[in-house]
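Since every read-out is calculated from the coordinates, none of them should be taken as a lab result. Only a predicted model underlies this, so the values are computations on that prediction, with no experimental measurement involved. Cβ: placed from backbone, ideal geometry, glycine included. Neighbour counts: every protein chain shown.
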Amino acid sequence: MAHPDSESVKRLYRVIAALQTPEACAALFEDLCTIREIEDMAQRLDAAFLLAKGDNYQSISKQVGISTATISRVSRCLRYGSGGYRDVIGAFEAKEEDDDG
């Protein structure tokens with residue numbers, strides 16, 4: 001397994017950051033990941049958005065279809081992680097406001 005600071009992992013991050021459209025992102029992820037891996041990531045991101053909105057674990061579990069243990073992990077990342085969830089939630093919500101306004 002590649003170390004998180006390996007050149008391979010850094011290249012992966014650069015490649016993802018260089019994607020210009022949702023379609024290009026979908027094409028890469030469909031080639032790179034299994035459907036289950038993509039669904040798992042999407043569910044975690046859904047949970048992060050709902051946690052940021054203030055929803056409780058039970059509500060999120062029912063809406064998203066994931067365990068409260070996974071929600072707890074997402075919650076810890078939101079609070080104490082490297083800021084990835086917070087950054088994308090903020091950027092996505094700001095973009096949606098710009099698109100609506």
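Round to the nearest 10 and give me the degree value, 0 to 90, for the angle of helix 22-32's Cα axis relative to the longest principal axis of the chain.
70
Tell me, what is the FRET efficiency for residue 6 and residue 41 to the nearest 0.05, using R0 = 22 angstrom and their Cβ-Cβ distance as r? Provide the component values of the computation, followed by the final result.
Values: r = 20 Å, r/R0 = 0.92.
Efficiency, from the Cβ-Cβ distance: 0.60.
Residue by residue through region 53-70, what is 3J(HN,Hα) from phi via Karplus (6.51 cos²θ - 1.76 cosθ + 1.60, θ = phi - 60°)? Round to whole Hz and write x for glycine and proline.
7, x, 5, 8, 4, 5, 4, 5, 4, 5, 5, 9, x, 10, 6, 5, 5, 5
Take the Cβ-Cβ distance between residue 63 and residue 18 as r, set R0 to 41 Å, and report the resulting FRET efficiency rounded to the nearest 0.05.
Details: r = 33 Å, r/R0 = 0.79.
Calculated value: 0.80.
Taking neighbour Cβ counts within 10 Å as the exposure measure, how do 87, 99 sort from fewest upward?
Numbers: 87 10, 99 7.
Ordered by Cβ neighbours within 10 Å, fewest first: 99, 87.
Arranged by the count of other C-beta atoms within 10 angstrom, fewest first, what order do 88, 74, 64 take?
88, 64, 74
Anyone know which of 36, 86, 73 comes out most mobile in the 10 Å Cα GNM of the chain?
Answer for the Gaussian network model of the chain: 36.
Using log10 I(q)/I(0) by the Debye sum over Cα atoms at q = 0.09, 0.15 Å⁻¹ as the read-out, say which of (i) -0.27, -0.78; (ii) -0.18, -0.52; (iii) -0.34, -0.73 was calculated from these coordinates.
(i)
So what is the 222 nm mean residue ellipticity for the chain from helices alone, if each DSSP H run of at least 4 adds -39500 (n - 2.57) and you divide by all residues, rounding to the nearest 500 deg cm²/dmol?
Value at 222 nm, helices only, nearest 500: -25500 deg cm²/dmol.
In which sequence would 77, 25 go, from the one with the fewest C-beta neighbours within 10 Å to the one with the most?
The most exposed by this proxy come first: 25, 77.
To test your reading of the geometry: what angle, between 0 and 90 degrees and rounded to tens, separates the Cα axis of helix 7-18 from the longest principal axis of the chain?
Between helix and principal axis, roughly 70 degrees.
As I understand it, the value is the acute angle between the Cα axis of helix 84-100 and the longest principal axis of the Cα atoms of the chain; what does it come to in degrees, rounded to 10?
80
Please give the direction-averaged projected area of the C-alpha convex hull for region 28-77, in square nanometres with one decimal.
Computing the convex hull of the Cα atoms and averaging its projections yields 3.6 nm².
If the cut-off is 20 Å between C-alpha atoms, which lysines fall inside it for residue 53, apart from same-chain ones fewer than 8 positions away?
Output for residue 53: 62, 95.
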